[in-house]
Amino acid sequence: MSLRDQPDQFKVGSSLPFNARLPFRWCLSLSLLSLALAGFGLTWLQPMIPLLYSVTNTSLQLVSRWWILVFPGLAVLFALIHLILVRVLRDWAEIIIRLIAWSCVVLEIILLLIQIRLLWVLG
């Protein structure tokens, strides 16, 4: 029995509307990539990194290198919020569902680019 022969209730992602499955697969993979980059960055970053450039007091600009995990945390948080929105608004118009799902992908890409730039500058 292949995966195609199984009922919808047993397929992965079957609780999502069909038009939102691909964007959420992208969101999941981008979140995992962000987490992997943060884990890689934790191995070679200095113990204190200058993350908060907008603070006027220079001694407060430095934070622990563990703050680099903020970006994967935000990525997962945004993905969960969008996932909940899509499941709650499942009966709405298809364009609304697609818009919410693809906006999650855009936010994930923006967070990933910020994280890559930050790791590049600090490295």
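The values are calculated or read from the model by the stated rules, or taken from the named source; none is laboratory data. For clarity, every value in this text was computed on a predicted model and none was experimentally measured. All Cβ positions, glycine included, derive from the backbone under ideal geometry; neighbour counts span all protein chains shown.
In the stretch 56-66, what residues are surrounded by 11 or more Cβ atoms within 10 Å (Cβ to Cβ) and not in a loop (DSSP other than H, G, I, E, B)?
Once the filter is applied, which keeps residues that are surrounded by 11 or more Cβ atoms within 10 Å (Cβ to Cβ) and not in a loop (DSSP other than H, G, I, E, B), the stretch 56-66 yields LEU62, VAL63, SER64, ARG65, TRP66.
Taking the stretch 85-107 only, how many residues are farther than 25 Å from LEU32 by Cα and either in contact (Cβ under 8 Å) with a residue 24 or more places away in the chain or of a type in the set (Gly, Ala, Ser) (or both)?
Final tally of qualifying residues: 3.
Could you say whether any residue in the stretch 69-84 is farther than 25 Å from LEU51 by Cβ, out of contact with any Cys (no Cβ under 7 Å at 6 or more places or on another chain), touching a residue at least 60 places away in the same chain (Cβ under 8 Å) and not hydroxyl-bearing (Ser, Thr, Tyr)?
Within the stretch 69-84, one or more residues are farther than 25 Å from LEU51 by Cβ, out of contact with any Cys (no Cβ under 7 Å at 6 or more places or on another chain), touching a residue at least 60 places away in the same chain (Cβ under 8 Å) and not hydroxyl-bearing (Ser, Thr, Tyr).
Yes/no matrix, rows are residues, columns are (1) under 15 Å from PRO17 (Cα atoms); (2) touching a His at 6+ places or on another chain (Cβ under 7 Å); (3) among the small types (Gly, Ala, Ser):
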site	(1), (2), (3)
MET48	no, no, no
SER54	no, no, yes
ILE81	no, no, no
ARG90	yes, no, no
ARG98	yes, no, no
GLN115	no, no, no
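For the list (1) of a type outside the set (A, V, I, L, M, F, W, C); (2) touching a strand residue (DSSP E or B) at 6+ places or on another chain (Cβ under 8 Å); (3) surrounded by 12 or more Cβ atoms within 10 Å (Cβ to Cβ), I need the number of the one condition that PRO47 fails.
Condition (3) is where PRO47 drops out.
Here is a yes/no grid of residues against (1) at pLDDT below 85; (2) assigned to a loop (DSSP other than H, G, I, E, B); (3) at positive phi; (4) surrounded by 10 or more Cβ atoms within 10 Å (Cβ to Cβ):
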site	(1), (2), (3), (4)
THR43	no, no, no, no
SER54	yes, yes, no, no
ILE68	no, no, no, yes
PRO72	no, no, no, yes
LEU77	no, no, no, yes
TRP92	yes, yes, no, yes
ILE95	no, no, no, no
